[in-house]
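Structure, as structure tokens:
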Amino acid sequence: MKLQQFLSKQRKQTSAGADLPAYEAARECYAELGVDVDAAVETLLGLPISVHCWQADDVRGLEGREGSVDSGGIQATGGYPGAARSGDDIRKDFEQAARLIPGALRFNLHAMYAETDGKLVERDELTPEYFATWVEWCQDNEWGLDFNPTCFGHRLAAEGMTLSHPDSAVRQFWIRHCIACRQIAESFGQKLGTATCNIWIPDGSKDATVDRAGPRQRLIESLDAVLQADLPHVIDTVESKLFGIGLEDYTVGSHEFYLLYAASRGIGICFDLGHYHPTENVADKISATVPFVTPVLLHISRGVRWDSDHVPRFSDEVRAVCDEAVRSGQLDDILWATDFFDASINRVAAWVIGVRAVRKALLYALLEPWKLATEAERSGDGAAKLALQELRAELPFGAVWEHACQRADVPGGLAWLTEIKRYEQTVLADRC
Ligand code: RNT
Ligand code: ZN
């Protein structure tokens, strides 16, 4: 069968809503294992995922810079046509993506997406007014809005140092920028609930670093200065990284550094799935962290070799993170966000695939026969526990996912891809 034929058949199936008996059967099947499917779907659709704006335009931002941003190893590769060229394009693209993603959403902006009407505004002079259109748009769509200082892609970040820079004038610039960003996040929070303000910096060095303590000491002082004001609507988080291209030997904001900084200052931590050793288990960090540091903000991404930002999939790793988050019983202390960029495929589709994969993995976790498995584990029946984990792959998960999509009024199966193709032909094709 040709792909086109398959897609049109998919569309018919979905609009007919013919999956109800399948859902009923799935509900019974899970109920036998002690899982309440209706409750799982309810929880699933209520958990907000904060979707990053920077997938739409290959992390270019709206400051009028040429080319993509590569400082700190952030580099989108690929030349697929149709990248967003303006705030309006990004909004339009995300509206299309959101129509195809089930469940509650938030939007996540970087400071370099300020809309200044052509005026040059330095990053340390940004104020909430430059984000007014974003705020109104989120209000209209009932999405929350999150924020990030942009400490890369700037002449004062060109040496690979920002908040830990040895030159106090450079450091002060980035401190002022981060303070401005917290104020902007506070203004978002006042209008839309709360807003995360997540700090990631590219600081590090390429080779044979001899002063590892100095930059870290300076980073502590800078962060303390940034966090001085008490802003009730801001959720502050700090994000570590293992290395960046050109910063292979040393990262100032390493995992240990930020985890301990967050614990000592009572702020949150951000775990980005692409920022650890390839065999390091991010899922295991959740239960080790939440007793001490909350919230845990998760940047769902997919590391492939040296790139930390491929489109997430319904992978073992993402499923394990979702499993651990659900098992922790502390979903209120865990915040979901995405962070990836792929310029080699349709960018709106990349958003849809990545965010749907996270939502799917969350559903998979919420449907785990966890009570039975813990019972087996506690009674020392390791074989039963293992068998139950294996059984998960045989359960009628697809029927529940299809139902969740219908509940959220978005297409199931591959039917969403038809919408993307239509959008590509009618909107993206006109962009150059
Ligand atoms: C960078 C971090 C950060 C983001 C960027 C844009 O490696 O993951 O979270 O701000 O990806
Ligand atoms: Zn990230």
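The values are calculated or read from the model by the stated rules, or taken from the named source; none is laboratory data. Predicted model, so just to flag it, every value in this text is computed and none were measured. So basically every Cβ, Gly included, is an ideal-geometry build from the backbone, and we count neighbours across all protein chains shown. Heads up: the accessible areas ignore ligands, DNA and RNA and are worked out on the full protein's heavy atoms, side chains in. Shrake-Rupley method; radii C 1.70, N 1.55, O 1.52, S 1.80 Å.
I'd like to know if the range 251-266 contains one or more residues that are under 22 Å from the mean Cα position of the chain (by Cα), in contact (Cβ under 8 Å) with a residue 40 or more places away in the chain and over 24 Å from residue 159 (Cβ atoms). Checking the range 251-266: not a single residue is under 22 Å from the mean Cα position of the chain (by Cα), in contact (Cβ under 8 Å) with a residue 40 or more places away in the chain and over 24 Å from residue 159 (Cβ atoms). Please enumerate the residues belonging to the range 283-310 that are open to solvent by less than 30 Å² (accessible area, probe 1.4 Å), away from ligand 1 (no atom under 13 Å from the Cβ) and either within 15 Å of residue 361 (Cβ to Cβ) or part of a strand (DSSP E or B) (or both). Listed by number, the residues that qualify are 283, 286, 296.
Does at least one position in the range 133-154 carry a residue that is in a helix (DSSP H, G or I) and free of Cβ contacts under 8 Å to residues at least 40 places away in the same chain? Yes, there is a match, as at least one residue in the range 133-154 is in a helix (DSSP H, G or I) and free of Cβ contacts under 8 Å to residues at least 40 places away in the same chain. Taken over the range 111-136, the residue count meeting the criterion of being open to solvent by less than 20 Å² (accessible area, probe 1.4 Å) and either within 25 Å of residue 193 (Cβ to Cβ) or under 22 Å from the mean Cα position of the chain (by Cα) (or both) is 8.
Checked against the criterion of being buried (at least 18 other Cβ atoms within 10 Å of the Cβ) and at pLDDT below 95, the candidates 247, 192, 273 yield just one match: 247. Within the range 407-414, is even one residue among the charged types (D, E, K, R), part of a loop (DSSP other than H, G, I, E, B) and within 30 Å of residue 89 (Cβ to Cβ)? Yes, the range 407-414 has at least one match. Of all the criteria given as (1) of a type in the set (Phe, Trp, Tyr); (2) open to solvent by 50 Å² or more (accessible area, probe 1.4 Å); (3) more than 16 Å from ligand 2 (Cβ to nearest atom), the one not satisfied by residue 261 is (2). When the residues of the range 90-105 are filtered to those that are open to solvent by 10 Å² or more (accessible area, probe 1.4 Å) and touching a Leu at 6+ places or on another chain (Cβ under 9 Å), the one that is nearest to residue 421 (Cα to Cα) is 98.
Got at least one residue in the range 345-358 being of a type in the set (D, E, K, R) and under 24 Å from residue 105 (Cβ atoms)? Lay out the reasoning, then the answer.
Step one: list which residues in the range 345-358 are of a type in the set (D, E, K, R), which gives 347, 356.
Checking the rest, the ones that are also under 24 Å from residue 105 (Cβ atoms) come to 347, 356.
Checked against the condition, which is being of a type in the set (D, E, K, R) and under 24 Å from residue 105 (Cβ atoms), the range 345-358 yields at least one hit.
Kindly indicate whether residue 387 is small (Gly, Ala, Ser) and either at pLDDT below 95 or buried (at least 20 other Cβ atoms within 10 Å of the Cβ) (or both). No: the conditions fail for residue 387.
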